[in-house]
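Read the structure below first, then the notes.
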Amino acid sequence: MDELFTLVEERPHPGPHHLFTDVLDLTSGRTADHDLQYISALRSANPSLIVTASPAYNIPLRAFAAAGFATCELDTTTDSFASWRGFNPPALRQQRGTLAESVHFAKFAYQWAGEGFVLFTVGGMQYVLKERREGEGEFGPSGVTDELIQTVGDWLLSDQEVVWVFDGYWQRSKQLYFEVMKATWEKVILDEAVKKDLTSVTNKFFSSKQVYEDLGVPWKRGLLFHGPPGNGKTISIKALMHTLLDRKDPIPTLYVRHAPNTYSIQAVFNRARALSPCMLILDGLENNDGIFVVASTNFLDRLDPGLSKRPSRFDRKYLFPLPNEHERTLYCEYWRHKLSHNAAIVFPAKLCPAMSRITPGFSFAFLQECFVATLLILARGEDDDAYAARGDGDDEGLEKYELWRVFRQQADILRKEVEGEEGQQQQQQQQQLMQGAGWGEEGGQGSTYAARGGEPTDKHTRVHREQWSANSDAGLPDLERLRVKDGVLPALQYPSVKSEYINSAAFDYRL
């Protein structure tokens, strides 16, 4: 029977062209997880072994071996090896740079506690192979490998001679620890009553956990150091850190250099809670039991009142003012003692009060610059009319001392900077008053969240601080760069980005 109707397929109207559809089609592809593929391949090739994957940044097995707790021998007879070799520049211009290496692929024979392992490193991942023991499944976990991981983790945290430093991420600094151990209260020019109170308050806090619990109050405390820059806040903080590290049960210190956002602040306090009891040093600014917070600022009036005026935030505030004449004399005596071994410099005791009298308004930082500049001139042996002795008004017989003449001249030069800073501060205060009264521009000065204080603003110390902050090796132990027994070079300091493209999907591996 003939069909009465013919079925006609209606094609959809193509509609307008969408470039997004083309882009999506051309740039999309099935992605691959290399880690899963490596694990699967190792299991297939070694059915009697348990494969355990562990990131090197978390459990640095090669660094553990480099410290002498295991052996790690490179195996190039049964598998390949791939790396980048380059050059690490010297930390100081006078030194030589060194060869360096970033290993991308390697196989090692690893020995620890009488146990043998096969270790593969692929980029930042480690694959540990160990024979199965009775009761262990095909996919693990391996009890022996877990013991190794636990031991390496305990080793990482066993070194107490460090200061935890946060500068966008946490690192442990040996260098800062050694700087702290050099800082003592004897080197701090500060009112003796304030010194005594600081050490007493701090030690009593860490010895009084039970007292706080019995009273039903939170076991936390906060101190705020404030005052003009260069007057001893930073050295006092370091001396306080030294005091806590000298306790029978040392108290760790967490030092925050830079925490620009809320996420960073959360990371800071999460670490502090994990290491409590501890002292937390804030350069900028739930339950914070066991955390002793010390913050410093050059400008207390710029802080949010919620920080500066609420006792629950900072229980005590310590003002570090400009040193008075007696304190300046003590500082000069400190330099006299420091230079006592140098026979070329004549520094009689009577110069100290005289130097103090001609430096009113000088911070300790400016006094330091005055001494440094003076000593540099003396070291160069400059003989200039500017440093000639004055014939009149020298009742104390000071002009015969070259140190005095050069110091006096440098003090005259620096006094212009001191007066300039005072003028700027007065102008800033006046602007703030005007803005508070509604006379200034909108916005005005933003508040600083526990801004860093105590760092000298003079050129000499500022350059030193910038060099220290820029040093990429400040955070120790830098476990990725330790040399292992097989002679592998330390890692490149500035590795490039190695990229791999899988189908049309790009994966960025920073090795």
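No lab work stands behind these numbers, since they all come straight from the coordinates. What you are looking at is a predicted structure, and each value in this text was computed from that prediction instead of being measured. In this analysis, Cβ positions are derived from the backbone assuming ideal geometry, glycine residues included, and neighbour counts consider all displayed protein chains.
Enumerate the calculated ³J(HN,Hα) couplings along segment 100-115 in order (Karplus 6.51 cos²θ - 1.76 cosθ + 1.60, θ = phi - 60°), each rounded to whole Hz, writing x wherever the residue is Gly or Pro.
Going residue by residue, I get 9, 8, 10, 7, 9, 8, 7, 10, 10, 9, 10, 10, 8, 6, x, 10 Hz, with x marking Gly and Pro.
Between residue 192 and residue 249, what's the calculated FRET efficiency when r is the beta-carbon distance and R0 is 22 Å? Round to 0.05.
0.20
Using θ = phi - 60° and the Karplus form 6.51 cos²θ - 1.76 cosθ + 1.60, what ³J(HN,Hα) does each residue of segment 46-60 get, whole Hz, x for Gly and Pro?
Listing the rounded values in order: 9, x, 8, 10, 8, 9, 10, 9, 8, x, 5, 5, 8, 10, x Hz.
Just want the ordering: 226, 337, 34, from fewest to most Cβ atoms lying within 10 Å of their own Cβ.
337, 34, 226
What are the residues whose amide H is under 5 Å from the amide H of residue 59, where those residues sit 5 or more places off or on another chain and H is modelled from the backbone?
Correct list: empty.
List 363, 264 from most exposed to least, where exposure is judged by having the fewest other Cβ atoms within 10 Å.
With the sparsest Cβ surroundings first, the list reads 264, 363.
Hey, can you grab everything whose amide H is under 5 Å from the amide H of residue 254? Only 5+ residues off in sequence or another chain; H modelled, so Pro and N-termini drop out.
Those lying under 5 Å, H to H, from residue 254 are 279, 280, 281.
Which length gain, in nm to one decimal place, applies between residue 99 and residue 210 when the Cα-Cα distance is subtracted from 0.36 nm times their residue separation?
34.5 nm
Return 178, 69, 225, 166 ranked ascending by Cβ neighbour count within 10 Å, so the fewest neighbours appear first.
In order of increasing Cβ crowding within 10 Å: 178, 69, 166, 225.
Could you sort out which of 182/204; 182/416; 174/196; 204/248; 187/350; 182/338 sit more than 25 Å apart by Cα distance in this structure?
From the list (182/204; 182/416; 174/196; 204/248; 187/350; 182/338), the Cα-Cα distance tops 25 Å for 182/416; 174/196.
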